[in-house]
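Accompanying notes for the structure given below.
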Amino acid sequence: MIQLKLSKNILKLIGAVVLLLLPLLVTNSYFIHIFISIGLYIILSLSLNLVTGFTGQLALGHAAFYGIGAYTSALLLLRFNVSYWLALVLSAVITGIFGFLLGLPALRLKGDYLGIVTLGFGEIVRLVFVNWYSLTRGPLGLPGIPAPKIGPYIFDSRIPFYYLIFGLAAFTVFFMHRLVNSGVGMAMITVKEDEIAAESIGIYPIKYKLLAFSLGAAFAGIAGSFYASYISFISPDTFLYMDSVTILAMVVLGGLGSIPGSIIGATVLVIVPELLRFMTNYRMLLYGALMVFMMIYRPQGFWGANKRVRNSYKIGIRGVSNEKDIRG
Amino acid sequence: MKKILEVDNVSISFGGLLAVNQVSLHQNKGEILALIGPNGAGKTTLFNLLTGVYQPTSGKIIFAGEEINHYKPHERVKKGIARTFQNIRLFPTMTVLENVLIAHPDCNSETVIPAVFGRKKLAQRRRTVVEECEEILSIVGLQDKLEELATNLPYGKQRLLEIARALATKPSLLLLDEPGAGMNSVEKEELTNLIYYISREMEKDVLLIEHDMKFVMNISERIIVLDHGEKIAEGNAQEIQSNPKVIEAYLGRGNFDDEE
């Protein structure tokens, strides 16, 4: 068992080194762009997974938070000339507040009804981007968003952006992993599984739903803030209902309530459309067929929650033997 | 004797149906109290009133000297009332140990920042929680099943796990809704011993609903009989068995065991 754990750690280390050296191995700028997109969607799918996969709240408007993060960051950079790093933090905070506000009416609703409310929220946010001309320039979008800077160094190629998204995605994975394996995360799972039973052991479901919505939104805001500076142009077209569905598809296809699942789901759903590019008009058709096939033959996703490490609460605690707890 | 729980003229109606009608009862400190009655008598409804799932239409519920009518279910747990369910409500995709861990107040009161970034202090706190939960699981006899998914346990063991989960909330009053349902006679005997242990050694007050008359007469110090939402009798096993109202409402229809 100890050997198994050791080899697992070595695999993780090799993976991290390969990912860190990737820009040196792959010089094609297009490939770097794909890797950056994967990182971006890993953050988005993990943030939605906290709401839908772990807390069990169906949300169909996640792109709205992505958009709020992007617009917040862009407006702070363009109008107030703040440093990128401050804009990043503030867009996470502000988007988190919007997540909390959406969570409030959502508390009374469950399942499909909640789905409709979040869908409506996503549309309202998009319409605000389109119609609040004086702030967002409507459909013209916001061009010329400045690149991040560290001291005198400006992010002038895709490579520093690759490292930035790598860091942000790694932080998201770390945060979500620690969170879902803590008392907070387990409480969220109890809310998903049985609210009445959760209340009977002293858990207040409303608190955990709001927390999931706020944290999920905050991380989507981080992704939006990154996107704004990376592409340097944003418009309402980037944050459509279609994008919410894509993120949800990543979460479901990867496996609801599973962190590796969201990572795999995001990776697959970014790469597959690119691989199918040669088919031009038929590619979305095949993409759809793949999803149907997947849901029929593997409804639990690529890496479902059933592969969750058992009794994970103990893991990460030094001095507690957890050899016997690690399975699958 | 000190009263731990008082139900004072409590009623609840759903539409036109008076499910619980002007019921008053009390539980003494250290006592095992049983609530019996035919199906639909309002026993589980009364439990739901005590735990805050329902709000009474009228009347007062007093626990440990304080009126608790306005407390939400999760707040009543913090006050020291824990329960199990008639139709088992475990968290099926969580393991046996996790089901108990999450009920522990030190586990479910964790907050985001320390839970994510905490190191030594957090580890120490969690170690204590895990140890306490393992101890509770060994009291109910599930110490070998820590890693099993709750849903994979046999029925009788799931009932025991629900009791363990309720105990992990550190209650002073434990409400058991038909703890012996679906158990065979050996399991029931073990359950009797467990309830005695919880009452005598762990010093919890136990209020239970049960249909198995032998079991009830055996274990409880006092019995309250409900019928059609009203309290019709109260007393020890002999008094209940000879009470004509009870015989009419309940036992008159057959022998003691016909409910099983």
Notebook entry, point to check: Taking into account only those residues within segment A:246-294 that are closer than 26 Å to A:PHE54 by Cβ and of a type in the set (Ser, Thr, Tyr), which is surrounded by the most Cβ atoms within 10 Å (Cβ to Cβ)?
Noted result: A:SER262
Notebook entry, point to check: Given (1) under 14 Å from the mean Cα position of the chain (by Cα); (2) farther than 11 Å from A:PHE302 by Cβ, where does A:SER262 come up short, assuming only one miss?
Noted result: (2)
Checklist line | Failed condition for A:PHE121, given (1) in a helix (DSSP H, G or I); (2) surrounded by 24 or more Cβ atoms within 10 Å (Cβ to Cβ) | finding: (2)
Next item on the list: Kindly indicate whether A:PHE35 is in a helix (DSSP H, G or I), modelled with pLDDT of 90 or more and more than 30 Å from A:VAL18 (Cα to Cα).
Entry: no
Next item on the list: Evaluate the following for A:ILE165: is it buried (at least 18 other Cβ atoms within 10 Å of the Cβ), away from every other protein chain (no Cβ under 14 Å), touching a helix residue (DSSP H, G or I) at 6+ places or on another chain (Cβ under 6 Å) and β-branched (Val, Ile, Thr)?
Entry: yes
Note to self: So in segment A:198-233, with the set limited to residues that are assigned to a loop (DSSP other than H, G, I, E, B) and surrounded by fewer than 24 Cβ atoms within 10 Å (Cβ to Cβ), which one is nearest to the other protein chains (Cβ to nearest Cβ)?
What the structure shows: A:TYR204
Notebook entry, point to check: When you go through (1) in contact with a Leu (Cβ under 7 Å, 6 or more places away or on another chain); (2) at pLDDT below 90; (3) more than 14 Å from every other protein chain (Cβ to nearest Cβ) one by one for A:ILE247, which number turns out not to apply?
Noted result: (2)
Margin query: I'd like the full set of residues that are assigned to a helix (DSSP H, G or I) and surrounded by 15 or more Cβ atoms within 10 Å (Cβ to Cβ), limited to segment A:131-152.
Written below: A:THR136
Checklist line | segment A:80-106, subset of a type outside the set (A, V, I, L, M) and under 25 Å from A:LEU210 (Cβ atoms), residue surrounded by the most Cβ atoms within 10 Å (Cβ to Cβ) | finding: A:THR95
Next item on the list: Could you list all residues from segment B:178-193 that are in contact with a helix residue (DSSP H, G or I) (Cβ under 7 Å, 6 or more places away or on another chain) and either in a helix (DSSP H, G or I) or surrounded by fewer than 22 Cβ atoms within 10 Å (Cβ to Cβ) (or both)?
Entry: B:GLY182, B:MET183, B:GLU187, B:LYS188, B:THR192
Notebook entry, point to check: Listed residues A:GLY99, A:GLY138, A:GLY122, A:GLY103; which is touching a His at 6+ places or on another chain (Cβ under 8 Å) and in contact (Cβ under 8 Å) with a residue 60 or more places away in the chain?
Noted result: A:GLY122
Check: Any residue in segment A:83-97 that is under 28 Å from A:PHE233 (Cβ atoms) and over 22 Å from the mean Cα position of the chain (by Cα)?
Finding: yes
Next item on the list: Return yes or no: is B:ASN28 of a type in the set (S, T, N, Q), under 26 Å from B:THR192 (Cα atoms), more than 14 Å from chain A (Cβ to nearest Cβ) and surrounded by fewer than 20 Cβ atoms within 10 Å (Cβ to Cβ)?
Entry: yes
Check: If we scan segment A:142-149, do we find a residue that is out of contact with any Leu (no Cβ under 9 Å at 6 or more places or on another chain), within 14 Å of chain B (Cβ to nearest Cβ) and not hydroxyl-bearing (Ser, Thr, Tyr)?
Finding: no
Check: Just one of the numbered conditions (1) of a type outside the set (A, V, I, L, M); (2) more than 7 Å from chain B (Cβ to nearest Cβ); (3) surrounded by fewer than 22 Cβ atoms within 10 Å (Cβ to Cβ); (4) in contact (Cβ under 8 Å) with a residue 60 or more places away in the chain is not true of A:GLU195; which one?
Finding: (4)
Check: Looking at this structure, is B:ARG200 without any contact (Cβ under 8 Å) to a residue 40 or more places away in the chain, surrounded by fewer than 22 Cβ atoms within 10 Å (Cβ to Cβ), out of contact with any Phe, Trp or Tyr (no Cβ under 7 Å at 6 or more places or on another chain) and within 14 Å of chain A (Cβ to nearest Cβ)?
Finding: no
Item checked: Residues (touching a Pro at 6+ places or on another chain (Cβ under 6 Å) and of a type in the set (A, V, I, L, M, F, W, C)) located in segment A:171-210 -> A:VAL191, A:ALA198
Check: If only one of A:GLY67, A:GLY56 is crowded, with 18+ Cβ neighbours inside 10 Å, over 15 Å from the mean Cα position of the chain (by Cα) and not aliphatic (A, V, I, L, M), which one is it?
Finding: A:GLY56
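The values are calculated or read from the model by the stated rules, or taken from the named source; none is laboratory data. Note that the structure is predicted; figures quoted are calculated from it, not measured. Here the Cβ is made from the backbone with ideal geometry for all residues, glycine too, and neighbour counts use every protein chain on show.
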